[in-house]
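The values are calculated or read from the model by the stated rules, or taken from the named source; none is laboratory data. If you're wondering where the values come from, they're calculated on a predicted model, not measured in any experiment. Ideal geometry is used to build each Cβ from the backbone, glycine not excepted, and the neighbour counts take in all protein chains shown. Remember, those area values only see protein heavy atoms, side chains included, never the ligands or the DNA or RNA. Shrake-Rupley method; radii C 1.70, N 1.55, O 1.52, S 1.80 Å.
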Amino acid sequence: MEKDCIFCKISRKEIPSKMVYADEEVLAFEDINPQAPVHIVIIPKKHIEKTSDITEGDIGLIGKLVFVAQKIAKEKNVSDSGYRLVFNCNKDAGQAVFHIHLHLLGGRKFFWPPG
Ligand code: 5GP
Ligand code: ZN
């Protein structure tokens, strides 16, 4: 837990969020600035800054983020139409919050390359 990290604060409920999933290790909440009709952020409660900092001991935890994401995609009815899962890492990818998070985006068509 990092004192000043926005997502650790959400995890500690010091900042309100629209939570869609929570268990002992993982949380998911609606993005405050949605980029698609469905835009959910899935995080581990453990403060890992970015994908480059994942260790072997985190493999199960990071896999769980994807598992939770696909369950939420089904609940939000975007599983059949399609969705995108994104980890932004560091400056060139536009990472703004340095607590690892998986974006679940759905409900509209996405393009490739993503730009
Ligand atoms: P990044 O660019 O780091 O991959 O994405 C960070 C995401 O966190 C952005 O989509 C941004 O809208 C979202 N975000 C930032 N601050 C907050 C907040 O306080 N609450 C919620 N729900 N989302 C946030
Ligand atoms: Zn954090």
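On average, how much area does the Cα convex hull of the chain cover when viewed from any direction, in nm²?
7.3 nm²
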**Prompt:** Where the accessible area of the chain is counted over protein heavy atoms with a 1.4 Å probe, how much of it, in %, is carbon and sulfur?
**Reply:** 54 percent
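Over the chain, with the other protein chains present, what is the accessible area per residue in square angstrom, probe 1.4 angstrom?
Working: 7010 Å² over 115 residues.
Spelled out: the 1.4 Å probe surface of the chain, per residue, equals 61 Å².
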**the chain - Cys residues lacking any other Cys C-beta under 4.7 Å** = C89
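What is the calculated FRET efficiency for D53 to K76, with r their C-beta to C-beta distance and R₀ = 30 Å, to the nearest 0.05?
Given R0 = 30 Å and the Cβ-Cβ separation, E is 0.55.
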**Request:** Using packing as a proxy for protection, rank 80-86, 94-100 so that the peptide with the highest average count of other Cβ atoms within 10 Å comes first.
**Result:** 94-100, 80-86
**lysines whose Cα lies under 23 Å from that of K109, excluding same-chain neighbours fewer than 8 positions away** = K71, K74, K76
**Protection-proxy order for peptides 43-50, 23-30, 107-114, each taking the mean of Cβ atoms within 10 Å per residue, highest first** = 43-50, 23-30, 107-114
**Prompt:** Going by alpha carbons, how many degrees (0 to 90, nearest 10) lie between the helix axis of 59-75 and the longest principal axis of the chain?
**Reply:** 40 degrees
**Asked** With the dipole of the range 6-106 worked out from charges on the C-beta (+1 for Lys and Arg, -1 for Asp and Glu) around the Cα centre, which of L61, A93, C8 lies farthest toward the positive end?
**Response** C8
